[in-house]
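The values are calculated or read from the model by the stated rules, or taken from the named source; none is laboratory data. Everything numeric in this text was worked out from a predicted model, so none of it was measured. Positions of Cβ are backbone-derived with ideal geometry, glycine not excepted, and every protein chain shown enters the neighbour counts.
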Amino acid sequence: MIKARGKIGFYLLLKSRFWVIFLFGALLFGIRWTKGAGYLDLYSILLKPILPGTAQREWIKEGENIERNIRLKLLEDDNSRLRRALSLKEFNSDQRISAAVISRSSRNWWQQLEINKGSKDGVLKGDTVIGPGGLIGLVDSTTPLTARVRLLTDPGHQIGAWIDRTKHHGILTGMGTNRPKLIFLNKNILVKTGDAVTTSPASTLLPPNLTIGIVQFVNEKALPSPYAIVQLTASPEAIDWVQILKNNGQ
Amino acid sequence: MANNNKNKLLILLIIISLQACTIISPNWLKINGISPCWPVILLLPFSLKNRPWKAAIASILLGIFIDAFTISDVSYIPSLFLLSLIWSVYGLHNKKIQLYLNIGLMAIFGTALVGLSIWVQKIILYNVLRNNWFHSWSIYVLISEVIITGLVAPFFSSWILFASNKN
């Protein structure tokens, strides 16, 4: 008798909508417990095909670039105003001439480039030549239609350089290899690997603050003066187009 | 008359090819980014076929021409002058130098001498280059130049020598 009642009770439990209500309640509890994670995931999956993709990313990047360019322009203006106030040389980016490399000898005894712009275009001996990455070299000689560029890596080629972090001057000397040697003028240099090397902000021969390279090795104990080996940021072996800073960008 | 014209044509071709090779410095003819020593390749057959004084004058003219395309004060002339005399004397005593290997070896010797001369001149002219960084780079350039010139010379120099013999 008792068994039969039990069976009847179980039957009623199944027959009535108890399980449906129970499962629904459990589902609601689950949603509450996970804070609607399943819903949100499902929503994101459904939304994926119509989400703005790479185009949106490009817009954002473009916006960022525009913002950066505006900031750079403001900083440049600010910089030139301060340089004028300090009576230092100014760097005019409008005085640039683009030229193609027509002949290259970047690993021989003489490390030079021939470019297709010469005195007819206003290129003068001693003008600065830059490429993607920074300073490449200086114009050594010109013809009416071409100019010969002496690379920074050419053995014996020397220019003044500056380490911005430590405010130390040095002479960058070409050794033939891709990494010129920066010979410092002081003893206590405190230069570290990774420091940026630029042209001196107070230079009278070269435009100020042009990127040259990164310090790769430092020998502080060298005699008569310490030196660093600099990895150039612009590689003349891979550059097909360069820019000449007319009158060194002044 | 015809032979004379052919000779003139050959000289013109040599001058044009020298200018083209020096200015263009084709990438496919480079090893480790270093091109062959063109003055050696062109001076070698000329010196072997001519008297020492002629070869010496040619070497000076060639040196002046090549120096026009390079920067700094280092010159090709001293080494080319010496090579022209050596090769010319060697050519007078050995009338039939047409072996590719022979030409290649002479070009290797010549390139090594030219390279050494440039290396020494640079050290003399620039005190700052008296260090191991420059010396190790110079050895690298010297070896690469010697190899590529040794490979190229048997073709170019032998061809010029052969053509001038035919004339």
Cβ-Cβ under 6 Å pairs, at least 6 apart or on other chains, segment A:70-82 side under 15 Å from A:ASN209 (Cβ atoms), far side in a helix (DSSP H, G or I) and among the polar types (S, T, N, Q): none
Entirely in segment A:143-208, the strands (runs of 3 or more DSSP E) that have 3 or more residues that are not small (Gly, Ala, Ser): A:147-151, A:158-163, A:168-173, A:181-184
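Mind listing whichever residues of segment B:32-80 are among the polar types (S, T, N, Q), closer than 20 Å to B:SER158 by Cα and touching a residue at least 40 places away in the same chain (Cβ under 8 Å)?
Pass one, segment B:32-80, residues among the polar types (S, T, N, Q): B:32, B:35, B:47, B:50, B:59, B:70, B:72, B:75, B:79.
Among the residues that remain, those that are also closer than 20 Å to B:SER158 by Cα are: B:35, B:47, B:50, B:59.
Selection gives B:SER35, B:SER47, B:ASN50.
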Among the residues listed as A:ILE189, A:ILE183, the single one being within 14 Å of another protein chain (Cβ to nearest Cβ), under 19 Å from A:GLN231 (Cβ atoms), more than 25 Å from the chain's Cα centre (by Cα) and β-branched (Val, Ile, Thr): A:ILE183
Qualifying positions in segment A:210-226 - over 16 Å from A:ASP164 (Cα atoms) and touching a residue at least 40 places away in the same chain (Cβ under 8 Å): A:SER225, A:PRO226
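Give A:ALA147, A:ALA161 a once-over and let me know the one that is over 18 Å from B:SER72 (Cβ atoms) and either among the basic types (Lys, Arg) or out of contact with any helix residue (DSSP H, G or I) (no Cβ under 7 Å at 6 or more places or on another chain) (or both).
Details: A:ALA147 fails: over 18 Å from B:SER72 (Cβ atoms).
Within the list A:ALA147, A:ALA161, the selection yields A:ALA161.
Can you find a residue in segment B:38-56 that is closer than 20 Å to A:PRO155 by Cα, more than 11 Å from chain A (Cβ to nearest Cβ), assigned to a helix (DSSP H, G or I) and small (Gly, Ala, Ser)? Walk me through it before giving the result.
Of segment B:38-56, the ones closer than 20 Å to A:PRO155 by Cα are none.
No, every residue in segment B:38-56 fails to be closer than 20 Å to A:PRO155 by Cα, more than 11 Å from chain A (Cβ to nearest Cβ), assigned to a helix (DSSP H, G or I) and small (Gly, Ala, Ser).
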Residue list for segment A:170-191, restricted to those being more than 17 Å from A:LEU135 (Cα to Cα) and either surrounded by 18 or more Cβ atoms within 10 Å (Cβ to Cβ) or in contact with a Phe, Trp or Tyr (Cβ under 7 Å, 6 or more places away or on another chain) (or both): A:ILE183, A:PHE184, A:ILE189, A:VAL191
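Would you check which residues across segment A:213-228 are over 11 Å from A:ILE183 (Cβ atoms) and surrounded by fewer than 19 Cβ atoms within 10 Å (Cβ to Cβ) and list them?
Filtering segment A:213-228 down to residues over 11 Å from A:ILE183 (Cβ atoms) leaves A:213-218, A:220-221, A:223.
Passing the criteria: A:ILE214, A:GLN216, A:PHE217, A:GLU220, A:LYS221, A:LEU223.
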A:LYS117 outside any helix (DSSP H, G or I) and either at pLDDT 85 or above or out of contact with any strand residue (DSSP E or B) (no Cβ under 8 Å at 6 or more places or on another chain) (or both): yes
A:ILE130 more than 10 Å from chain B (Cβ to nearest Cβ) and under 17 Å from A:SER203 (Cα atoms): yes
Residue satisfying all of: in segment A:192-210; of a type in the set (Val, Ile, Thr) and surrounded by 17 or more Cβ atoms within 10 Å (Cβ to Cβ); farthest from A:ALA234 (Cα to Cα) among these: A:THR199
Which listed residue, of A:SER141, A:SER106, is at the interface with chain B (Cβ under 10 Å from one of its Cβ atoms), under 29 Å from the mean Cα position of the chain (by Cα) and either surrounded by fewer than 24 Cβ atoms within 10 Å (Cβ to Cβ) or farther than 26 Å from B:LEU116 by Cα (or both): A:SER106
Any helices (runs of 4 or more DSSP H) falling wholly within segment B:67-167 and containing at least 3 residues that are at pLDDT below 85, under 18 Å from the mean Cα position of the chain (by Cα) and surrounded by 16 or more Cβ atoms within 10 Å (Cβ to Cβ): B:132-166
Leading residue by the ranking (farthest from the other protein chains (Cβ to nearest Cβ)) among those in segment A:75-103 that are out of contact with any Leu (no Cβ under 7 Å at 6 or more places or on another chain) and at pLDDT 85 or above: A:LEU75
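Of all residues in segment A:215-233, which are of a type outside the set (Gly, Ala, Ser) and in a loop (DSSP other than H, G, I, E, B)?
The first filter runs over segment A:215-233 and keeps only residues of a type outside the set (Gly, Ala, Ser), leaving A:215-221, A:223-224, A:226-227, A:229-233.
A:GLU220, A:LYS221, A:LEU223, A:PRO224, A:PRO226, A:THR233 - these are the residues of segment A:215-233 that are of a type outside the set (Gly, Ala, Ser) and in a loop (DSSP other than H, G, I, E, B).
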In segment A:144-180, residue farthest from the other protein chains (Cβ to nearest Cβ) [restricted to those that are closer than 29 Å to A:TRP109 by Cα and of a type in the set (D, E, K, R)]: A:ARG179
